[in-house]
Amino acid sequence: RARHALDLAAAGRRVAVVSGGDAGVFGMASAVFEAVETGPAAWAALDIAVIPGVSAVLAAAARLGAPLGGDFCVISLSDNLKPWDVVVARLRLAAQAGFVIALYNARSNARPWQLGVAFAELRTVLTGDVPVAFARAVGRPDERMEITDLAHADPEHADMSTLVLIGCAMTRRIARTGAQDWLYTERRVNP
């Protein structure tokens, strides 16, 4: 798709490559620039503008409260473009470093097992009471939010439209009567 769009642009056409969420976050912007780097030299002269969207991690965080109040990272569980052992190493290191972890591409029909393995790996580093949120289809009519903890997080509650957010030791859950609980992560880290 990216190469085709660049061919059209090089031929003088006005082209838009549309990506769900934010084009620059696990979206089509990287595919376009990867194609520019390896394609004809004329592509590097094209006027390309990446228009930011609302990323899934920011949309979900806004619905949940302030779970990204401290340091956080975003990791794709897809092993289509990187080996699974790299994904696991990144998960473990992020958890050890105390980051809140947002997982993109959590589960699909082609990759139904990765999220369960990711939770198992994270349970070896984090305590079971760390909050976990499943934020599905944020901003769409079929939006669904679920807050649980790492000990009880069920990978079956995610699909490709779900962002999974795993808190850290500094993430707090505020219980509310008659409304969804809030999550926030403390900004201050004590040594």
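The values are calculated or read from the model by the stated rules, or taken from the named source; none is laboratory data. Remember, predicted model here, so these are calculated numbers, not experimental data. FYI the Cβ positions are ideal-geometry reconstructions off the backbone, even for glycines, and counts take in every protein chain you see. In case anyone asks, the SASA skips ligands and DNA or RNA and just uses the protein heavy atoms, side chains included. Shrake-Rupley method; radii C 1.70, N 1.55, O 1.52, S 1.80 Å.
Structure data summary
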| quantity | calculated |
| --- | --- |
| Selected residue [over 21 Å from Ser55 (Cβ atoms), in the same structural domain as Pro155 (by the TED database), modelled with pLDDT of 95 or more and open to solvent by 50 Å² or more (accessible area, probe 1.4 Å)] from Arg123, Arg90 | Arg123 |
| First in region 172-191 and at negative phi and open to solvent by less than 90 Å² (accessible area, probe 1.4 Å), second anywhere and in a loop (DSSP other than H, G, I, E, B) and charged (D, E, K, R), Cβ under 7 Å, 6 or more apart | Arg172/Glu186; Ile174/Asp181; Ala175/Asp181 |
| All positions within region 133-152 that are closer than 24 Å to Val189 by Cβ and open to solvent by 10 Å² or more (accessible area, probe 1.4 Å) | Ile147, Asp149, Ala151 |
| Near pairs, Cβ below 8 angstrom, 6+ apart or cross-chain, from region 112-130 (under 15 Å from Ala94 (Cβ atoms)) to any residue that is assigned to a helix (DSSP H, G or I) and open to solvent by 50 Å² or more (accessible area, probe 1.4 Å) | Glu121/Arg92; Leu122/Arg92; Thr124/Arg92; Val125/Arg92; Val125/Gln96 |
| Enumeration of residues in region 81-110 that are over 15 Å from Val130 (Cα atoms) and in a loop (DSSP other than H, G, I, E, B) | Leu81, Lys82, Pro83, Asn105, Ala106, Arg107, Ser108, Asn109, Ala110 |
| Complete set of residues in region 1-56 that are surrounded by fewer than 18 Cβ atoms within 10 Å (Cβ to Cβ), under 25 Å from the mean Cα position of the chain (by Cα) and part of a loop (DSSP other than H, G, I, E, B) | Arg1, Ala16, Val18, Gly20, Gly24, Ile48, Ala49, Val50, Ile51, Pro52, Gly53, Val54 |
| Residue that is nearest to Arg187 (Cα to Cα) [pool: residues in region 93-120 that are open to solvent by 40 Å² or more (accessible area, probe 1.4 Å) and of a type in the set (A, V, I, L, M, F, W, C)] | Phe99 |
